[in-house]
Amino acid sequence: MFLKSRLPRILYRLTMPGSLLLGIVLVLLRLGVVSESDARVLTLLPIGVFLIGLALCIAFRRSRLFFAMLAVTLSQTALALVVPRLSPHNAPIVANAIAILLPLNLLALAFLKERGIISPAGRRRLAMIAVQALAVTALCLPALEPVVSLLDRTFMPEELSAWSHLSQPASASFALALLVIMVPLIRRYRAVESSLLWTLVASFMAVRTGSATPEAGLYFAAGGMVLIVALLETSYRMAYHDELTQLPSRRALNEALLKLPADYTIAMIDVDHFKRFNDSFGHDAGDQALRLVASRLSHIAGGGRAYRYGGEEFAVVFPGKTAADVVLYLDRMRKVIEQSTFIVRGRERRGKRRVGRSARQETHVTVSIGVAASNGEHVAPADVMRIADKALYRAKARGRNCTVNAKGTAAVPTMSLADAF
């Protein structure tokens, strides 16, 4: 039952949006849109796509996507423009080496971190790509014939890999990269990793159809578009989502406030004694507490949507709801947060000097909530937020860990946990 409920979400993480773009290419090919007269244009199309992508990556400073673009661009350019001009002996050697190295590069980028393009780490990555290009060129030397034979070695029944039209090491390289990139996406969607997965699939389809065919050009172009979409998606998330809590950010809240109907309710939520919590357990534990509160708020019922307002403060907006409609949901969420526990490692100090680490311990946080509604009046959302903020301070004055309606009474807990830390 649990797997069944999560299956649609897992499938979405694994398939969108890359499968949509690749599906469009498959439909175009099936409908016969590609003709011989378009062959030259379609062979060069991915180069244009990747040049645009590289420029956008530089503008938005997305190094992983930049190096993915660069790796696929160099691979496609070599397969489309260089390999057809090589001798019948050297052409398959270079094509096979590229088919082995390209998925391994995409796999490595799935686990590397953003380190800049012209930074020391970026220069090392550029050097690695240059070394690979030189190594592929060197494989054409007669002295490296034993290495070439290893790259084309058969190590499993041929009927298992004949369908791919690639060497078995190349097929294994694509399969390994596909499986390893896919596993983290099952647990959590990441735009960059998803784009690498579908660029890998597009590259496989391109390589197996031939080095300079129109179909290969379309597949490579689709891979480039997938990377560009990921670039736009990550840039949007940076602007409108809070990196720590993964909730929509204050900028997203400001835009949402402009679209509210006449009736709406806003709740302001603050983590109780957060500074004391940070002093007791450290900023890492404080970040952990904020993530816990955010994860609970992201599932609030009643049609509300949570936002990271700033610091330890959150906002929840309920379009089309009155305060009476949502106070019950908010106070229920307050109790859920109160009952949630997590493990932190405290710090023992003697004076100003740390003397060691204390044992891991279980702790929790509580929140105070202030609620205000527009009541159908033409009140600016900023004014309603100020009223909700005043209600929040009333909740703190009443002992914290309670919900206060600006025009009602407080929902006070039977037992306060605020002094636990």
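A few remarks follow.
- Among the conditions (1) assigned to a helix (DSSP H, G or I); (2) free of Cβ contacts under 8 Å to residues at least 40 places away in the same chain; (3) surrounded by fewer than 20 Cβ atoms within 10 Å (Cβ to Cβ), residue 243 misses just one, which is (1).
Table: residues versus (1) touching a Pro at 6+ places or on another chain (Cβ under 8 Å); (2) in contact (Cβ under 8 Å) with a residue 24 or more places away in the chain; (3) assigned by TED's automatic domain parsing to the domain that holds residue 60; (4) over 26 Å from residue 183 (Cα atoms).
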{"residue": "93", "(1), (2), (3), (4)": "no, yes, yes, yes"}
{"residue": "111", "(1), (2), (3), (4)": "no, no, yes, no"}
{"residue": "118", "(1), (2), (3), (4)": "no, no, yes, yes"}
{"residue": "124", "(1), (2), (3), (4)": "no, no, yes, yes"}
{"residue": "135", "(1), (2), (3), (4)": "no, yes, yes, yes"}
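- Any hit, segment 98-113, residues being within 28 Å of residue 234 (Cβ to Cβ), modelled with pLDDT under 95 and assigned to a loop (DSSP other than H, G, I, E, B): yes
- Scanning segment 314-366 for residues that are assigned to a strand (DSSP E or B), among the aromatic types (Phe, Trp, Tyr) and at pLDDT 90 or above gives 314, 318.
- None of 114, 145 is of a type in the set (Asp, Glu) and either out of contact with any Ser or Thr (no Cβ under 8 Å at 6 or more places or on another chain) or crowded, with 20+ Cβ neighbours inside 10 Å (or both) except 145.
Okay, residues lined up against (1) under 30 Å from residue 233 (Cα atoms); (2) of a type in the set (Lys, Arg); (3) modelled with pLDDT of 90 or more; (4) not assigned by TED's automatic domain parsing to the domain that holds residue 98:
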{"residue": "129", "(1), (2), (3), (4)": "yes, no, yes, no"}
{"residue": "139", "(1), (2), (3), (4)": "no, no, yes, no"}
{"residue": "142", "(1), (2), (3), (4)": "no, no, no, no"}
{"residue": "148", "(1), (2), (3), (4)": "no, no, no, no"}
{"residue": "152", "(1), (2), (3), (4)": "no, no, no, no"}
{"residue": "172", "(1), (2), (3), (4)": "no, no, yes, no"}
{"residue": "176", "(1), (2), (3), (4)": "yes, no, yes, no"}
{"residue": "182", "(1), (2), (3), (4)": "yes, no, yes, no"}
{"residue": "190", "(1), (2), (3), (4)": "yes, yes, no, no"}
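- Top-ranked residue of segment 179-229 - restricted to ones that are more than 23 Å from the chain's Cα centre (by Cα) and not in a helix (DSSP H, G or I), ranked as nearest to residue 105 (Cα to Cα): 211
- Counted residues, segment 262-290 - those being surrounded by 15 or more Cβ atoms within 10 Å (Cβ to Cβ) and part of a helix (DSSP H, G or I): 10
- Residue check, residue 105 assigned by TED's automatic domain parsing to the domain that holds residue 74, more than 24 Å from residue 223 (Cα to Cα) and surrounded by 14 or more Cβ atoms within 10 Å (Cβ to Cβ): no
- From 74, 51, 81, residue being in a helix (DSSP H, G or I), in contact (Cβ under 8 Å) with a residue 40 or more places away in the chain and closer than 30 Å to residue 191 by Cβ: 74
- Members of segment 246-261 that are surrounded by 12 or more Cβ atoms within 10 Å (Cβ to Cβ) and among the hydrophobic types (A, V, I, L, M, F, W, C): 247, 252, 253, 256, 257, 260
- Residue count, segment 291-304 (criterion: among the hydrophobic types (A, V, I, L, M, F, W, C), farther than 14 Å from residue 331 by Cα and assigned to a loop (DSSP other than H, G, I, E, B)): 0
- Here is the figure for segment 266-303: residues that are more than 15 Å from residue 340 (Cβ to Cβ) and either modelled with pLDDT under 95 or not assigned by TED's automatic domain parsing to the domain that holds residue 383 (or both) total 16.
- Residue pairs whose Cβ atoms lie under 9 Å apart, sitting 6 or more positions apart in sequence or on different chains, and linking a residue in segment 7-31 that is at pLDDT 80 or above and of a type in the set (Val, Ile, Thr) to a partner that is surrounded by fewer than 15 Cβ atoms within 10 Å (Cβ to Cβ) and not in a helix (DSSP H, G or I), are 27/33.
- Within segment 63-78, being among the basic types (Lys, Arg) and surrounded by fewer than 21 Cβ atoms within 10 Å (Cβ to Cβ) holds for no residue.
- Selection status of residue 314, surrounded by 15 or more Cβ atoms within 10 Å (Cβ to Cβ), among the aromatic types (Phe, Trp, Tyr), in contact with a Ser or Thr (Cβ under 7 Å, 6 or more places away or on another chain) and more than 30 Å from residue 91 (Cα to Cα): no
The values are calculated or read from the model by the stated rules, or taken from the named source; none is laboratory data. In this text, all values refer to a predicted model and were calculated from it rather than measured experimentally. All Cβ positions, glycine included, derive from the backbone under ideal geometry; neighbour counts span all protein chains shown.
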